[in-house]
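Q: Take a look at the following structure, please.
Just so it is clear, none of the values below were taken in a lab; they were calculated from the coordinates. What you see is a predicted model, and the numbers here were worked out from it, not measured in a lab. Positions of Cβ are generated from backbone atoms using ideal geometry, with glycine treated the same way; all protein chains shown enter the neighbour counts.
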Amino acid sequence: MRLILLGPPGAGKGTQAVKIAESYRIPHISTGDIFRKALKEETPLGMKAKEYMDKGQLVPDDIVIGIVQERLQLTDCQDGFLLDGFPRTTDQAKALDGFLKDNGYPIDRCINIEVPFEELIARLTGRRVCKTCGATYHVMFNASSKDGACDACGGELYQRADDNEGTAKERLTVYNNQTAPLIEYYTNQGTLVTIDGLQSIDKVFNDIEDALRGSC
Ligand code: AP5
Ligand code: ZN
């Protein structure tokens, strides 16, 4: 199954991606995670990406497209994959289409998680992430039962650098201007399915499962 997860920052893409990847046994490819890993390892890619991420802006298309194409050529993507946070511009979407066409397989579904903007700021500023395993929590909506530590591995929880209110607002503006047009793009391709992301995490996942049933 070849899937795209679309939605504004904080919609729950990463949260649902973990569940989808496990349930459908496909690799979870998150461009944001790729950049954060590169940044942690202080590679040239990480340093370059940081310039944009810290401001809440998009990393330039040519950098992102090259990275995703390389990743999709690895053998674990042969039977399917889940793209989380890519494509994010019309040029990225066109590049992905071209690449998939050359390789003879199309996208099965683009899952668009919809959440009102007022809710997104609260989700982003309250998010906490495990330093060790990357699991995502929220101080109010999805709290860890261990104080300040990850339920899964006991690792320390931290707040992402771009989850302060100012940068979060900029990311939402960037989403509106540059990524939201992809809703129409994938509607026109007939692959878009929209899910109400304001429900509980489990209910959102149930709706995604329903939407994917029999579709691929
Ligand atoms: P990226 O890492 O992709 O961030 P994002 O798209 O801004 O998305 P988030 O990770 O912030 O949110 P999410 O939808 O995954 O929400 P989550 O599940 O964590 O990108 C970061 C940066 O990298 C970009 O700004 C850009 O600079 C660069 N970049 C990445 N890809 C790029 C590309 N293709 N092109 C150019 N630049 C790129 O949930 C959020 C919170 O809500 C959590 O605390 C969670 O516990 C909680 N939550 C989740 N679901 C629910 C629910 N149903 N109810 C209540 N709370 C919930
Ligand atoms: Zn952990």
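Q: Give the separation of the Cα centroids, region 43-96 to region 1-35, in Å.
A: 13 Å
Q: Could you go through region 170-178 in sequence order and give the Karplus-derived ³J(HN,Hα) for each residue, using 6.51 cos²θ - 1.76 cosθ + 1.60 with θ = phi - 60°, rounded to whole Hz, and x for Gly and Pro?
A: Once θ is set to phi - 60°, the couplings for region 170-178 become 5, 4, 5, 5, 4, 4, 4, 7, 10 Hz.
Q: Ordered by residue, what ³J(HN,Hα) values in Hz, to whole numbers, does region 130-147 give under the Karplus form 6.51 cos²θ - 1.76 cosθ + 1.60, where θ = phi - 60° and Gly and Pro are x?
A: Taking θ as phi minus 60°, the curve returns 6, 5, 8, 10, x, 4, 10, 10, 9, 4, 10, 8, 8, 7, 6, 6, 9, 4 Hz for region 130-147.
Q: Report, in deg cm²/dmol and to the nearest 500, the calculated mean residue ellipticity at 222 nm for the chain, where each DSSP H run with n ≥ 4 adds -39500 (n - 2.57) and the sum is divided by the residue count.
A: Values: 9 runs with 98 residues, N = 216.
Estimated from H runs of four or more residues: -13500 deg cm²/dmol.
Q: Give the peptides 105-114, 157-166 in descending order of average Cβ contacts within 10 Å, highest first.
A: 105-114, 157-166
Q: About its Cα centre, how strong a charge dipole does the chain have in debye, to the nearest 20, once Lys and Arg get +1 and Asp and Glu get -1 at the Cβ?
A: 240 debye
Q: Testing the spin-label approximation: label points 7 Å from Cα along Cα→Cβ at Leu198 and Ala180. State their distance in nm.
A: Label at Leu198, label at Ala180, 1.6 nm between them.
Q: Say R0 is 41 Å: what FRET efficiency, to the nearest 0.05, do Asp102 and Tyr52 get from their beta-carbon distance?
A: Here the calculated transfer efficiency is 0.90.
Q: Right, next: Modelled label-to-label distance, Ala211 and Asp79, 7 Å Cα→beta-carbon offset: nm?
A: According to this spin-label approximation, the distance is 2.5 nm.
Q: Let's test this: bin the Cα-Cα distances of the chain at 10 Å from zero up to the farthest pair and state each bin's percent.
A: 8, 34, 40, 17, 1
Q: Then there is this: Determine which residues of region 116-137 fall in the zone a paramagnetic label at Lys146 would reach in this model, i.e. backbone nitrogen under 15 Å from the point 7 Å along Cα→Cβ.
A: Under 15 Å, as judged by backbone N against the label point of Lys146, lie 129-137 of region 116-137.
Q: Near Lys37, which aspartates and glutamates are there with a Cα under 20 Å away, not counting those fewer than 8 places off in the same chain?
A: The reachable aspartates and glutamates, counting only those whose Cα sits under 20 Å from Lys37, are Glu51, Asp54, Asp61, Asp62, Glu70, Asp76, Asp84, Glu156, Asp162, Asp163.
Q: Taking a 30 Å limit on the Cα-Cα distance, which of the listed pairs Lys13/Lys50; Lys19/Lys50; Lys50/Lys203; Lys40/Lys203; Lys94/Lys131; Lys48/Lys94 fall beyond it?
A: From the list (Lys13/Lys50; Lys19/Lys50; Lys50/Lys203; Lys40/Lys203; Lys94/Lys131; Lys48/Lys94), the Cα-Cα distance tops 30 Å for Lys50/Lys203; Lys40/Lys203; Lys94/Lys131.
Q: Average the reciprocal distances over every distinct pair of alpha-carbons in region 88-216, invert the result, and give the Kirkwood radius in Å.
A: So the Kirkwood estimate lands at 17.0 Å.
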